[in-house]
1. With within 24 Å of Gly16 (Cβ to Cβ), modelled with pLDDT of 95 or more and basic (Lys, Arg) as the only criterion, which of Lys91, Lys117, Lys134, Lys141 stands out?
2. Out of Ala96, Ala47, I need the residue that is over 23 Å from Phe153 (Cα atoms) and either in a helix (DSSP H, G or I) or in contact with a Gly (Cβ under 7 Å, 6 or more places away or on another chain) (or both). Which one?
3. Could you check segment 14-29 and list, in sequence order, the residues that are surrounded by fewer than 15 Cβ atoms within 10 Å (Cβ to Cβ) and of a type in the set (Val, Ile, Thr)?
4. Applying the selection to segment 59-81, what residues are in contact with a Leu (Cβ under 6 Å, 6 or more places away or on another chain) and not in a loop (DSSP other than H, G, I, E, B)?
5. Of all residues in segment 112-126, which are more than 18 Å from Val61 (Cβ to Cβ) and part of a helix (DSSP H, G or I)?
6. Do we find that Arg9 is basic (Lys, Arg), outside any helix (DSSP H, G or I) and closer than 26 Å to His166 by Cα in this structure?
7. Say we look at segment 114-128 and pick out the residues that are out of contact with any Asp or Glu (no Cβ under 9 Å at 6 or more places or on another chain), touching a residue at least 12 places away in the same chain (Cβ under 8 Å) and within 19 Å of Val28 (Cβ to Cβ); which of these is surrounded by the fewest Cβ atoms within 10 Å (Cβ to Cβ)?
Amino acid sequence: MNLKNSTLRYGSLSIGIHWLMLLLFVAVYGTIELRELFEKGSDPREALKTWHFMFGMLVFVLVWLRLAARLSGPTPAILPKPPGLQQLSSKLLHLALYLLMIGMPLTGWLMLSAAGKPIPFFGLELPALIDENKDLAKQIKEVHEFVGTTGYFLIGLHTVAALYHHYIKHDNTLTRMLSGRK
């Protein structure tokens, strides 16, 4: 399989990053949801919050590689070609997902910065992006949580659309993103 995208298929780099991002989204959402099982301030809860942040920042790092891979070659065509409204909605959904992958980690980083908390990243501590401001941290947290909830719907819609194209439309939307498929 080619590393780069072709007009017919996504390359192995795009495919690998796509599915790695799915696993990271499961980890990001899973860690923040599982923290609710533990008392505030407890070690397991704090550990899950730390992993949530580190996985989120890993999404932020990888989204740039994903964008570079996407922009470095053609986007494989969907065959048969879908109607114009479906193409537009696909582009808008992908844009929303990219904004999610960039915006959520950034708001998390800003939130921790404003809260005056350490910003861990797999053994490193990232610098604060802004000065400490507890009121601003609360406001950023509200935005972060709202967009995070919206992310569930965006990811779900992306999944449903892929399955719709595969099982109802019988086009190549999903198979373009599967390794080793023609």
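The values are calculated or read from the model by the stated rules, or taken from the named source; none is laboratory data. Note that the structure is predicted; figures quoted are calculated from it, not measured. Cβ: placed from backbone, ideal geometry, glycine included. Neighbour counts: every protein chain shown.
1. Numbers: Lys117 fails: within 24 Å of Gly16 (Cβ to Cβ); Lys134 fails: within 24 Å of Gly16 (Cβ to Cβ); Lys141 fails: within 24 Å of Gly16 (Cβ to Cβ).
Exactly one residue qualifies, and that residue is Lys91.
2. Details: Ala96 fails: over 23 Å from Phe153 (Cα atoms).
When all the criteria are applied, what remains is Ala47.
3. Within segment 14-29, Val26 is the sole residue that qualifies.
4. Keep residues of segment 59-81 that are in contact with a Leu (Cβ under 6 Å, 6 or more places away or on another chain), which gives 59, 69, 76.
If the condition is that a residue be in contact with a Leu (Cβ under 6 Å, 6 or more places away or on another chain) and not in a loop (DSSP other than H, G, I, E, B), then Val59, Ala69 are the ones that fit.
5. Listed by number, the residues that qualify are Ala114, Ala115.
6. yes
7. Ranking the qualifying residues of segment 114-128, first place goes to Phe122.
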